[in-house]
Amino acid sequence: DTPAHRIYSEASLGKAYLNHMGILPLRKVQPDVPPELLGQLLGTYYGGRSEVRIRRQITRVLYVDFRSIYPAVCTLMGLWRFVIAKGFDWEEWTEGARTLLQVVELGDLQDKAFWKSLTAIVQIEPDDDVLPIRAAYDGKSRTIGLNHLTAKEPLWYTLADCIASKLITGRAPKIIRAVCFKP
């Protein structure tokens with residue numbers, strides 16, 4: 001039902017599909033989510049950015065997603081259950097996240113059930129950890145890179161990003177606080 005002139009990106013299509021399925025935005029479904037928690041959640045998202053340089057003009061394009069990483073991770077983590085839920089619960093999970101991060105190994109990622117335990121965000125003290133960072137690498141536009149990061153202030157990341165850092169560096173990032181989510 002969305003007119004073509006209102007489709008600006010894939011996100012416009014996604015929103016139109018969700019609207020057509022009767023799925024409401026989170027703030028309408030669960031207005032009690034504290035703004036700080038919502039900000040922490042949204043701040044951990046480091047999805048790739050795409051730029052549109054040609055708008056409203058029919059032209060040939062090449063769609064490239066050779067690994068289909070977003071749908072694969074969404075399916076493995078069971079994130080659709082959050083989309084269709086009547087809301088979600090959250091709780092402090094600092095010790096659980098620390099324990100998981102200390103013992104996790106590459107082989108754990110081959111267990112489909114393991115991925116569902118990754119619905120958590122963690123506040124860490126980055127100390128030469130390898131993490132996604134948004135920056136203007138070319139001096140102009142901001143994009144995302146995977147870099148060694150040390151910071152004086154604690155930062156929020158997904159538990160999955162911290163597991164990736166551990167697997168790359170051989171040591172777990174220092175977790176200050178963790179919050180896990182359940183639909």
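The values are calculated or read from the model by the stated rules, or taken from the named source; none is laboratory data. Since the structure is predicted, the reported quantities are computational estimates derived from the model, not experimental observations. Note that we place each Cβ from the backbone using ideal geometry, even for glycine, and neighbour counts take in every protein chain shown. SASA here: full protein model, heavy atoms, side chains in, ligands and nucleic acids out. Shrake-Rupley method; radii C 1.70, N 1.55, O 1.52, S 1.80 Å.
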Checklist outcome for this item: To the nearest 10 degrees, the tilt of helix 159-169 (Cα long axis) against the first principal axis of the alpha carbons of the chain is 60
Item to check | Whichever lysines have a C-alpha closer than 30 Å to that of residue 86, once near sequence neighbours (fewer than 8 apart) are set aside | outcome: 15, 28, 112, 116, 182
Next on the checklist: Could you report the chain's accessible area per residue, 1.4 Å probe, as an integer in Å²?
Outcome noted: 70
Checklist outcome for this item: At the level of C-alpha centres, the distance separating region 83-100 and region 111-183, in angstrom, is 16
Next on the checklist: Looking at the chain, identify the longest residue range that excludes and avoids all chymotrypsin sites (Phe, Trp or Tyr not before Pro) in DSSP loops having at most 16 other Cβ atoms within 10 Å.
Outcome noted: 89-136
Next on the checklist: Between 126, 25, 173, where does the largest GNM mean-square fluctuation fall for the chain, given springs only between Cα atoms within less than 10 Å?
Outcome noted: 25
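Tell me the GluC sites (Glu not before Pro) within region 5-113 that lie in a loop according to DSSP and have at most 14 other beta-carbon atoms within 10 Å.
51, 105
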Checklist entry - trypsin sites (Lys or Arg not before Pro), restricted to region 122-183: which are DSSP loop and have at most 11 other Cβ atoms within 10 Å? => result 140, 142, 152
Next on the checklist: Given a Förster distance of 35 Å, report the FRET efficiency between residue 79 and residue 147 from their Cβ-Cβ distance, rounded to the nearest 0.05.
Outcome noted: 0.85
Checklist entry - Where a Cα-Cα gap under 17 Å defines reach, which lysines qualify for residue 166, not counting those fewer than 8 residues away within the same chain? => result 174
Checklist outcome for this item: Extension length gain for residue 134 and residue 90 (0.36 nm per residue less Cα distance), in nm, is 13.2 nm
Item to check | Percent of Cα pairs exceeding the 28 Å cut-off, where the set is the chain | outcome: 34
Item to check | Solvent-accessible surface (1.4 angstrom probe) belonging to residue 18, in square angstrom, nearest 10 | outcome: 60
Next on the checklist: Could you give each residue of region 87-98 its phi-based ³J(HN,Hα) in whole Hz, using Karplus coefficients 6.51, -1.76, 1.60 with θ = phi - 60°, and x for Gly or Pro?
Outcome noted: x, 9, 10, 9, 8, 4, 8, 4, 5, x, 5, 4
Checklist entry - In straight Cα distance, which aspartates and glutamates are under 18 Å from residue 140, not counting same-chain residues fewer than 8 positions off? => result 51
Checklist entry - Among 136, 160, 85, which one moves the most in a GNM of the chain with springs linking Cα atoms closer than 10 Å? => result 136
Checklist entry - Tell me, what % of the accessible area of region 140-181 is carbon and sulfur with a 1.4 angstrom probe? => result 56
Checklist outcome for this item: Computed about the Cα centre, the charge dipole of the chain from +1 Lys/Arg and -1 Asp/Glu charges at the Cβ has a magnitude in debye, to the nearest 20, of 880
Item to check | Modelled label reach - residue 106, point 7 Å along Cα→Cβ, region 149-168 residues with backbone N closer than 14 Å | outcome: 164-168
Next on the checklist: Please list, in order along region 112-117, the HN-Hα scalar couplings obtained from phi with the Karplus expression 6.51 cos²θ - 1.76 cosθ + 1.60 (θ = phi - 60°), rounded to whole Hz, x for Gly and Pro.
Outcome noted: 4, 5, 4, 4, 5, 7
Checklist entry - Based on DSSP H runs of at least 4 residues, each adding -39500 (n - 2.57), what is the mean residue ellipticity at 222 nm of the chain after dividing by all its residues, to the nearest 500 deg cm²/dmol? => result -9000 deg cm²/dmol
Item to check | Within a Gaussian network of the chain (alpha carbon springs, distance under 10 Å), most fluctuating of 83, 122, 130 | outcome: 83
